[in-house]
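FYI, it's all coordinate maths here, none of it is from the lab. None of these values were measured; they are calculated from a predicted model. In this analysis, Cβ positions are derived from the backbone assuming ideal geometry, glycine residues included, and neighbour counts consider all displayed protein chains.
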Amino acid sequence: MRFAEELFRPLVTLVIAVITVVQLIVRPPQLPELTWALTVVAIIAAIASVFVPDQVSQRVPVALAAVFVLVSAPLFALAPATAGVAFVFLATGTAGRGLESRQVAVALAVSGSVLAMVSTWVAEALGVADVPPWWLCLTAGLPVFFGLIRRERLAVAAAAEYTAVLEERGRIAREIHDVVGHSLSGIAVQLDMADALHGAGKTTEANEAVLRARALAVSGLKETRRAVHALRESTLPLSESIARLAESHGAVFHVSGEGSVSVEIAQAVIRAAQEALTNAHKHAPGADVTLLLEYESSAIRLTVTDDGTERRQGSGMGLNGMRERAALLGGTLFAGPDGPGWTVRMELPR
């Protein structure tokens with residue numbers, strides 16, 4: 001969109017300039033020297049205002065806009081039968097869009113309208129034919145408001161984009177904190193314990209602590225990979241992301257209802273599905289697993305069930321992390337026996 005706009009402006013300027021020059025050649029104006037001089041300066045100012053770099057001092061675009069407005073306004077009266085009359089509209093619109101000060105932009109637009117009106121009176125006194133009525137010159141400054149509106153829209157869009165970037169950074173930071181920070185903290189505790197046990201001469205216990213630290217490192221690496229995968233999957237619709245997870249784990253997936261949720265809610269549901277599937281295959285190998293995603297008017301619910309009759313004990317650290325994540329989002333997480341198997345149910349507000 002921005003590229004198309006930047007291409008459109010110089011194209012319009014070029015078209016107006018070419019048509020104006022051709023019309024002045026085909027039908028010479030009654031005041032040729034003055035009209036040609038103003039036209040040439042207006043074309044130069046128009047081109048310069050399009051290609052002025054953003055890094056220059058604000059004085060430069062203000063000066064260009066002032067020259068553009070002041071030299072194009074008389075063309076409204078001196079070349080009424082040519083495309084040159086469009087230069088003053090282009091000039092005031094450029095002032096509204098490109099100048100930081102709204103007051104300066106409006107002042108230039110008013111000056112352009114007044115100068116165009118005065119030019120019609122002078123042109124009539126000099127006997128120039130087809131001079132437009134003076135009241136029509138008052139419209140010369142109107143494009144400044146369109147330029148101001150366009151600039152405001154661009155500023156709002158830029159602010160929204162910046163906010164979205166900050167939210168995404170925050171989401172990634174939370175993922176890193178939850179996954180990597182938790183694993184590294186556990187590793188540090190185990191290594192400190194191993195160092196203390198080794199200093200006390202308890203070599204066997206120290207080796208066990210080192211092994212536990214290694215297990216935490218391996219688990220943390222797997223969790224990090226899963227987090228990266230989830231971050232990539234969050235670009236997909238939530239139901240499609242859960243369906244892919246279910247398919248990759250050989251589970252059955254059902255969805256009830258439809259709708260949209262925030263990125264944080266979707267991320268929490270995806271992480272809960274990953275944790276529940278991993279736990280089912282780790283602690284109840286061979287069990288049939290079913291996932292149900294339910295969209296309700298005020299909540300979204302994910303239920304993961306398995307029919308495993310025999311279950312191996314786990315540390316529960318992953319589920320505790322999911323409970324904390326659900327609580328932060330104002331939701332709940334249940335994990336425990338339910339009938340013949342095991343159920344994990346996360347419910348979050350929409």
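Assuming R0 = 30 Å, what is the FRET efficiency of residue 33 and residue 142, from their Cβ-Cβ distance, to the nearest 0.05? All intermediate terms of the calculation are to be shown ahead of the outcome.
On the way: r = 30 Å, r/R0 = 1.01.
About 0.50, to the nearest 0.05.
Summarising the strand pairing of the chain, around 80 percent of its internal DSSP beta bridges are antiparallel.
As a rough footprinting exposure proxy, the listed residues 193, 346, 322 were ranked by other beta carbons within 10 Å of their own, and the order from fewest upward is 193, 322, 346.
Based on Cβ point charges of +1 for Lys and Arg and -1 for Asp and Glu, what charge dipole magnitude is obtained for the stretch 2-141 about its Cα centre, in debye rounded to the nearest 20? Don't skip to the end; give the middle numbers.
Details: 6 positive and 7 negative charges, 36 e Å.
Taking the Cα centre of the stretch 2-141 as origin, the dipole is about 180 debye.
Applied to the stretch 19-32, the Karplus parametrisation 6.51 cos²θ - 1.76 cosθ + 1.60 on θ = phi - 60° returns per-residue 3J(HN,Hα) values of 4, 4, 4, 4, 5, 5, 6, 5, 10, x, x, 6, 10, x Hz, with x for Gly and Pro. Segment residue 63..residue 47, full-extension length gain: 4.4 nm, with 0.36 nm per residue of separation and the alpha-carbon distance subtracted. Go through the stretch 259-265 residue by residue and turn each phi into a ³J(HN,Hα) via Karplus (6.51, -1.76, 1.60, θ = phi - 60°); whole Hz please, and just put x for glycine and proline. After applying 6.51 cos²θ - 1.76 cosθ + 1.60, I find x, 10, 9, 5, 4, 5, 5 Hz. The C-alpha atoms of the chain define a longest principal axis, and helix 102-125 lies at about 20 degrees to it. Summing -39500 (n - 2.57) over the DSSP H runs of n ≥ 4 in the chain and dividing by its residue number, what mean residue ellipticity at 222 nm do you reach, to the nearest 500 deg cm²/dmol? Rounded to the nearest 500, the figure is -22000 deg cm²/dmol. Arranged from fewest to most other beta-carbon atoms within 10 Å of their beta carbon, 26, 122 become 26, 122.
Calculated on the alpha-carbon coordinates, the convex hull of the stretch 235-350 measures out at 90 cubic angstrom per residue. The long axis of helix 59-72 is offset from the longest Cα principal axis of the chain by roughly 40 degrees. Inter-label distance, residue 240 to residue 224: 2.9 nm, where each label sits 7 Å from its Cα along the C-beta direction.
Gain on full extension, evaluated as 0.36 nm per residue between residue 166 and residue 262 minus their Cα-Cα distance, stands at 33.1 nm.
Compute the length gained on full extension between residue 155 and residue 189: take 0.36 nm times their separation in residues and subtract their Cα-Cα distance, giving the result in nm to one decimal. It would help to have the intermediate numbers written out before the result.
On the way: separation 34, 0.36 × 34 = 12.24 nm, distance 4.88 nm.
Gain on extension, residue 155 to residue 189, equals 7.4 nm.
Computed 3J(HN,Hα) for the stretch 137-145, one whole-Hz value per residue from the Karplus formula 6.51 cos²θ - 1.76 cosθ + 1.60 where θ = phi - 60°, is 5, 5, 6, 4, x, 4, x, 4, 6, glycine and proline marked x. The reciprocal of the average 1/r between distinct C-alpha atoms defines the Kirkwood hydrodynamic radius, which for the stretch 2-141 equals 15.0 Å.
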